[in-house]
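What follows is one structure encoded as structure tokens, with my remarks underneath.
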Protein chains: 2
Amino acid sequence: MSPPGIDTVPAVRCIVKLGGSSATEKDKFETLNEYLLSETAKQLREVFVRSSVRQLTMDWSRGSKADQASHMPEDESSPEILLDMTPFVVVHGAGSFGHFQASKGRVNRGDLAEDFVKAGFVATRISVTKLNHAVVRAFATECIPAVGVSPFCAGWATKNRQLVRENSADVQQLLQAGLLPVLHGDAVLDSGQGCAILSGDVIVRQLAFDLKPSFVVFLTNVPGVYDRPPSDPHAVLLKEIAVEDGDWKIIDPQLEAGLEVQTNVAAHDTTGGMETKIAEAASIADFGIPVLVVETGSSHALEALKGTPLSNRGEWVGTIIRKAIPGELGQ
Amino acid sequence: MSPPGIDTVPAVRCIVKLGGSSATEKDKFETLNEYLLSETAKQLREVFVRSSVRQLTMDWSRGSKADQASHMPEDESSPEILLDMTPFVVVHGAGSFGHFQASKGRVNRGDLAEDFVKAGFVATRISVTKLNHAVVRAFATECIPAVGVSPFCAGWATKNRQLVRENSADVQQLLQAGLLPVLHGDAVLDSGQGCAILSGDVIVRQLAFDLKPSFVVFLTNVPGVYDRPPSDPHAVLLKEIAVEDGDWKIIDPQLEAGLEVQTNVAAHDTTGGMETKIAEAASIADFGIPVLVVETGSSHALEALKGTPLSNRGEWVGTIIRKAIPGELGQ
């Protein structure tokens, strides 16, 4: 199975980064945020999947709707099933899954020959795949044909914590098959130091470069990017940021010159918080792919997934990070 | 990261096929056989892993020993941790996970463009990865550095149900990193018909060809291979079978000429039961790698994992399938 030819490659509409704090209760050990996860699944279905059977679930496991009552069509020839999915990809963070284990086991320091690090590596993978499974099930419940793809076993690897081996081709192939690949931040092998953490944000950046989606959406636990920690009462939401060749400028609102953007990073976030996110988002925008940062589960998230703010910002609350138009950065 | 060079490739001691009926209650929907799974984990640890910390668990997730009481060493520099693993691989079947979904969704018929098949594909993957997660956790609890590897996302694919793309190189790399890869029967993409079921037995055969282990062990829910369904009171355990160029002969006991081996296949076993197993086992033996078929969790399973019956069968109960010595098949 070689990668599909150019003529059959579907245009990817969107890559969605589901923040760890959005899918999980970030401060409660291995606890899902079931409400936000379910809301997100519903929004993804509304935007990307047209299905004639509202009640069809693709989760036929114990504890699912299909298990409790029959929401499955009786047989495959059931005429009313019609599914039409716009190609998109989801990458989720770890939140309260994986971070504790990765931190305790010092996985990102990478000496896999150390037995305690190896134990931490195994423990981290157990935890992040547990979350991935829950996310896939939440999506499948909403009739989204989601399939889990763990970067660790799908050919992604680092060297001294830098991504050196990726596998967007297989993700492309899953899209071609009409499936939704759900990747995640993972513990991976590292040819330099042994093992490392590969963050979901880095995966999103690489997929964006390779798959060239129309836009990228970061679903976070705050309404967008602020000039300082959002808990600060003086924090100002940055509505529009322009990027060019690694430089960036806040277009809206106009701030005093030299003001630094401060960010809020939880201590146990092994892969960096908002700062990493902005850096990755900026490099995606620099590549010509606009990025929307928005609060998970809100009506603004729904609009972002539709791509509406790209043509008409209106009353939309969130941050647009886009490539600068020539001369805009005043260089 | 290129595949490791010849000089650093570890010799694989054993490939273990953990039958679906061994890890699960085959007739109870998505139900683990926790006792057999735990016994198998203990046997694998006893045979393949030497560890100085009896209580160390590598499962640090909710519901684990580490979560309930601290069985984790306090920090990585803890001097008493010493882990030494003989390279081996585990492949498990699906048992009561996945078969129902695959059968209902007609996944092995493969028309992924049919939305009901697509739903079945998604549902099957949810179910088999749920089992894989449970198996990995059971092993990690016993201080085995297990990592789940789903063939679907690790580069394995079929064409018209025949394996055409495999990825033993990445499995080899995980062994080199001192990890235990745990693969499983899976729903995969099929470049001929759309999708298909790739059975654990086929994966074992391919891995055996590529990794050339000293021997292969099939852990099943019966004491070995019989001449007819083991439930038949006249069933005779076949102790030794010799194979050469696709022909095979029962060496012990000596049966009447022309007696056919009958087998017991559960109706919902989508990938074939004992018959597929014997065919795959015979082709592995034909390649010069002896195969032991034995009852999961028994003392005989422990001996099989040690490889003892290969040099001294003694009182061992099970089936040895091996390459014939020249002239043995009377040709």
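Just a few scattered comments:
- Scanning the range B:278-317 for residues being within 16 Å of B:V225 (Cα to Cα), open to solvent by less than 10 Å² (accessible area, probe 1.4 Å), touching a Phe, Trp or Tyr at 6+ places or on another chain (Cβ under 9 Å) and not in a strand (DSSP E or B) gives a total of 5.
- When the range A:129-183 is filtered for residues that are of a type in the set (V, I, T) and closer than 14 Å to B:L189 by Cα, the ones remaining, listed by number, are A:V147, A:V149, A:V171.
- Filtered by the rule that a residue be of a type in the set (G, A, S) and farther than 23 Å from A:A235 by Cβ, the range A:197-225 gives A:S199, A:G200, A:A208, A:S214.
- Taking the criterion of being open to solvent by 50 Å² or more (accessible area, probe 1.4 Å) and either on the phi > 0 side of the Ramachandran plot or at pLDDT 75 or above (or both), the residues of the range A:55-77 that qualify are A:R62, A:G63, A:K65.
- Hits in the range A:168-188 - residues which are touching a Leu at 6+ places or on another chain (Cβ under 8 Å), at the interface with chain B (Cβ under 10 Å from one of its Cβ atoms) and of a type outside the set (A, V, I, L, M, F, W, C): A:Q173, A:G178, A:P181
- Residues in the range A:189-201 that are buried (at least 24 other Cβ atoms within 10 Å of the Cβ) and either among the hydrophobic types (A, V, I, L, M, F, W, C) or within 12 Å of chain B (Cβ to nearest Cβ) (or both): A:L189, A:D190, A:C195, A:A196, A:I197, A:L198.
- Yes/no for A:R165 being open to solvent by 30 Å² or more (accessible area, probe 1.4 Å) and at the interface with chain B (Cβ under 8 Å from one of its Cβ atoms): yes
- So B:R205, is it open to solvent by 10 Å² or more (accessible area, probe 1.4 Å) and not in a loop (DSSP other than H, G, I, E, B): yes
- Within the range B:282-298, not a single residue is among the aliphatic types (A, V, I, L, M), out of contact with any strand residue (DSSP E or B) (no Cβ under 7 Å at 6 or more places or on another chain) and in contact (Cβ under 8 Å) with a residue 40 or more places away in the chain.
- Near pairs, Cβ below 6 angstrom, 6+ apart or cross-chain, from the range B:174-203 (under 27 Å from A:F121 (Cα atoms) and free of Cβ contacts under 8 Å to residues at least 24 places away in the same chain) to any residue that is open to solvent by less than 10 Å² (accessible area, probe 1.4 Å) and among the charged types (D, E, K, R): none
- Filtered residues of the range B:23-33 (kept if closer than 11 Å to B:A134 by Cα and within 17 Å of the chain's Cα centre (by Cα)): B:A23, B:T24, B:L32, B:N33
- If you go through the range B:173-201 and keep only what is under 19 Å from B:C14 (Cβ atoms) and over 13 Å from the mean Cα position of the chain (by Cα), you end up with B:Q173, B:L174, B:L175, B:Q176, B:A177, B:G178, B:L179.
- All conditions but one from (1) under 29 Å from A:G178 (Cα atoms); (2) polar (S, T, N, Q); (3) not assigned by TED's automatic domain parsing to the domain that holds B:A134 apply to B:S231; the one that does not is (1).
- Of all residues in the range A:125-143, those satisfying the criterion of being at pLDDT below 95 and either surrounded by fewer than 24 Cβ atoms within 10 Å (Cβ to Cβ) or more than 9 Å from chain B (Cβ to nearest Cβ) (or both) are A:T141, A:E142.
- Subset tally (residues that are outside any loop (DSSP other than H, G, I, E, B) and of a type in the set (A, V, I, L, M)) for the range B:220-240: 3
- Taking the criterion of being of a type in the set (A, V, I, L, M), open to solvent by 10 Å² or more (accessible area, probe 1.4 Å) and in a helix (DSSP H, G or I), the residues of the range A:16-54 that qualify are A:L36, A:V47.
- Screening the range A:101-112 for residues that are facing chain B (nearest Cβ under 7 Å) and touching a residue at least 24 places away in the same chain (Cβ under 8 Å) and picking the one that is nearest to A:Y35 (Cα to Cα) gives A:Q101.
The values are calculated or read from the model by the stated rules, or taken from the named source; none is laboratory data. Remember, predicted model here, so these are calculated numbers, not experimental data. Reconstructed Cβ throughout: ideal geometry from the backbone, glycine too, with neighbour counts over all protein chains shown. Calculation scope for accessible area: heavy atoms of the full protein, side chains included, ligands and nucleic acids excluded. Shrake-Rupley method; radii C 1.70, N 1.55, O 1.52, S 1.80 Å.
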